[in-house]
Amino acid sequence: MLDIPQDWLILKSELLEFENNFDDSLLTEDLFQIRRDDFIIDSGWYQSQNAFITYLILKSSWEEPIVKIRSFNIDECLNAIRLVILYADTLRH
């Protein structure tokens, strides 16, 4: 289970529904997004790369993400989101 800290605002959470009931026919680029202050964490399925990609974005600079992690299954993707949340916390202080 992915626990999202309360100081993050959930904008999209479809990815969380896959934790217990994975259906690859529903995979899209827009599966998960949270925001806190100037940080955005975004994760989705990119068919062209056959992978989930999780981004950490600062100040809406999508062209230059701070972090980009490729994952090849749902568990790896959820772990990537956990790591990016922790990393964003280190940048905040």
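The values are calculated or read from the model by the stated rules, or taken from the named source; none is laboratory data. These numbers come from a predicted model, not from an experiment. Methodologically, a virtual Cβ is constructed for each residue, glycine included, from the backbone with ideal geometry; neighbour enumeration extends over all protein chains shown.
For the residues ASP30, ASP24, the requirement of being under 12 Å from the mean Cα position of the chain (by Cα) and at pLDDT below 95 singles out ASP30. Pairs only if they're at least six apart or on different chains, beta carbon under 6 angstrom, first in the stretch 51-64 and surrounded by fewer than 18 Cβ atoms within 10 Å (Cβ to Cβ), second aromatic (Phe, Trp, Tyr) and modelled with pLDDT under 95; list them, first residue then second. What qualifies is ALA51/PHE72.
The condition of being surrounded by 13 or more Cβ atoms within 10 Å (Cβ to Cβ) and out of contact with any Asp or Glu (no Cβ under 9 Å at 6 or more places or on another chain) holds for SER43.
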